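In what follows, a structure is listed as structure tokens, so that the remarks can point back to it.
Quick note: the coordinates plus some simple rules give every number you see, no bench work behind them. What you see is a predicted model, and the numbers here were worked out from it, not measured in a lab. Methodologically, a virtual Cβ is constructed for each residue, glycine included, from the backbone with ideal geometry; neighbour enumeration extends over all protein chains shown.
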Amino acid sequence: MTTDSSSAPASARPHPLLRLANLAMGACLGVMAVAVFINVVLRYGFGSGVAASEELSRLLFVWMVFIGATAAYPLGEHMAFTSLLGALQRKPLAMRLLTVLIRLLVVVACAMLAWGAWQQVVVGMDSRSVVLGYPAALLPLPALLCALAIGAMAFVELVRNKPMALGHGAEVE
């Protein structure tokens, strides 16, 4: 008997945006691997290399990291210190207050990151990368987009008063 994803319950299927993020990260990783491999073979095998390989790999790595960070947030896969949260699970009011505080801090941190990233995007609009010539604003842009996305998700969770999930059977330290 074969199983296909169309017969799986809707809650078991990944969100289309998550699937898109996974495809984008896979594409970044694939292009980086091919570019670096070709560059290594050319450099050690033939004494020359592709200068664009390093620049392209750096750009794709930055994008891949921030896409991954954005995709990890709604799944609860970011690092968390669960000691205090675990201890407060039996105290609903304290848990709700701490959840609000945590989400407020996430929104504030995202706002600060977005502001700094926006300043770097503006600075980078007038300059180009050395080898490939892409606008230098493409390097801080994923940080801006990531901060906006995670900040919006945390704000929605705050407004909806979503309970804090310790996630994946987290161990309490």
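One table, with the values for the structure above:
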item	result
Most mobile listed residue (Ala35, Ala117, Ala147) in the chain, GNM with C-alpha springs under 10 Å	Ala35
Among Ile150, Ile38, Ile67, residue whose mean-square fluctuation peaks in a GNM of the chain (springs only between Cα atoms under 10 Å)	Ile38
Gained length - Leu42 relative to Ala109, 0.36 nm times residue gap less alpha-carbon distance	19.8 nm
Neighbour net charge for Pro74 - beta-carbon separation under 12 angstrom, K R +1, D E -1	-1
Of Gln120, Gly76, Cys28, farthest towards positive along the dipole that unit charges on Lys, Arg, Asp, Glu beta carbons give the chain	Gly76
Over 24 Å [Cα-Cα, region 17-167], rounded percent	48 percent
Highest-MSF residue in the chain out of Ala27, Ala69, Ala114 [GNM, Cα springs under 10 Å]	Ala27
Other-chain or far-sequence residues with amide H under 5 Å of Arg128's (modelled H)	Ala136
Region 85-173 - convex hull of the alpha-carbon atoms, volume per residue in Å³	123 Å³
